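Following: one structure in structure tokens, then a few remarks.
The values are calculated or read from the model by the stated rules, or taken from the named source; none is laboratory data. Everything quoted here is computed from the prediction, not taken from an experiment. With ideal geometry, Cβ positions are generated from the backbone for all residues, glycine too; neighbour counts draw on all protein chains shown.
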């Protein structure tokens with residue numbers, strides 16, 4: 001497993017020399033994101049933009065993080081003027097079973113001032129039969145004064161599935177840990193995990209499961225889902241959350257990239273294994289935790 005730097009501010013994640021994902025962090029972007037996300041079938045399981053509204057939903061960047069209300073500013077939409085900007089790459093990690101990139105990002109407000117500092121580790125982990133895990137750890141702190149994440153269903157984690165996987169467009173299915181099915185049974189409801197699976201080729205099904213780590217402050221997360229191919233976790237669905245410089249917000253999410261449409265019992269076993277992992281401990285530039 002390798003994290004291989006590419007031109008134009010990108011890092012390709014490779015498994016035995018074949019790319020399975022790519023992290024984008026260029027200066028012209030509204031936010032960093034991961035695209036493509038290649039499933040065991042060899043097909044991409046996510047897309048850029050809404051299949052029926054590519055302009056209005058241009059902010060749907062495959063797999064990404066943002067939020068609708070940060071001190072009243074929207075980092076969610078592309079035209080608000082607020083952006084998440086890459087500041088520094090801190091580490092590239094390769095290994096037999098996983099590879100990762102660690103970056104420092106700044107959430108820059110509409111006035112051009114840094115509102116939040118974010119450290120992010122994006123890690124890919126090999127699993128058998130071409131499956132893999134995307135594990136993302138975040139440490140978000142106020143850049144200066146305390147910052148309020150306002151009450152909203154939009155943010156932090158978003159996943160835009162490939163068109164063919166969507167319930168409406170391709171006949172896919174959504175399932176959550178509580179037994180809810182599709183948008184009607186999962187929309188804005190709390191769950192430990194949520195899975196979106198569907199066809200990627202004739203007779204071939206792949207999907208992605210979002211696993212919410214129990215250390216997350218809003219666990220079990222409320223999930224925002226749509227039959228049109230969208231799922232995301234809602235960090236402040238019920239109430240605002242204040243972030244300070246001294247007490248960072250720490251979050252850990254796992255995304256299982258898998259074949260087939262898994263049964264609830266197998267997804268629950270995958271969540272329990274992920275729940276038993278420890279969040280990544282970020283170090284400062286001097287090497288201290």
The condition from (1) buried (at least 17 other Cβ atoms within 10 Å of the Cβ); (2) within 18 Å of the chain's Cα centre (by Cα); (3) closer than 30 Å to residue 114 by Cβ that residue 147 misses is numbered (2)
List the strands (runs of 3 or more DSSP E) inside the range 2-100, counting only whole elements, that have at least 1 residues being under 20 Å from the mean Cα position of the chain (by Cα), exposed (fewer than 14 other Cβ atoms within 10 Å of the Cβ) and modelled with pLDDT of 95 or more. 83-93
Which pairs turn up if I take residues in the range 167-190 that are on the phi > 0 side of the Ramachandran plot and surrounded by 15 or more Cβ atoms within 10 Å (Cβ to Cβ) and look for partners that are in a loop (DSSP other than H, G, I, E, B) and modelled with pLDDT of 95 or more with beta carbon separation below 7 Å, at least 6 apart in sequence or on another chain? 182/227
Tell me the residue from 16, 71 that is farther than 23 Å from residue 163 by Cα and out of contact with any strand residue (DSSP E or B) (no Cβ under 7 Å at 6 or more places or on another chain), please. 16
When the range 159-187 is checked residue by residue, the ones that are in a strand (DSSP E or B) and either within 21 Å of residue 117 (Cβ to Cβ) or in contact with a helix residue (DSSP H, G or I) (Cβ under 7 Å, 6 or more places away or on another chain) (or both) are 173, 174, 175, 176
Give me the residue from the range 260-271 that is part of a loop (DSSP other than H, G, I, E, B) and touching a strand residue (DSSP E or B) at 6+ places or on another chain (Cβ under 7 Å) and, out of that set, surrounded by the fewest Cβ atoms within 10 Å (Cβ to Cβ). 260
Does residue 84 fit the bill of being closer than 19 Å to residue 103 by Cα and free of Cβ contacts under 8 Å to residues at least 60 places away in the same chain? yes
When you scan the range 93-117, how many residues do you find that are without any contact (Cβ under 8 Å) to a residue 60 or more places away in the chain and closer than 17 Å to residue 11 by Cβ? 1
I'm trying to understand the selection: among the residues of the range 201-228, which are more than 20 Å from residue 270 (Cβ to Cβ) and touching a helix residue (DSSP H, G or I) at 6+ places or on another chain (Cβ under 7 Å)? 226, 227, 228
Quick one: how many residues across the range 227-259 are surrounded by fewer than 20 Cβ atoms within 10 Å (Cβ to Cβ) and closer than 15 Å to residue 165 by Cα? 4
Just one listed residue, out of 280, 274, is out of contact with any helix residue (DSSP H, G or I) (no Cβ under 8 Å at 6 or more places or on another chain) and in a loop (DSSP other than H, G, I, E, B), and it is 280
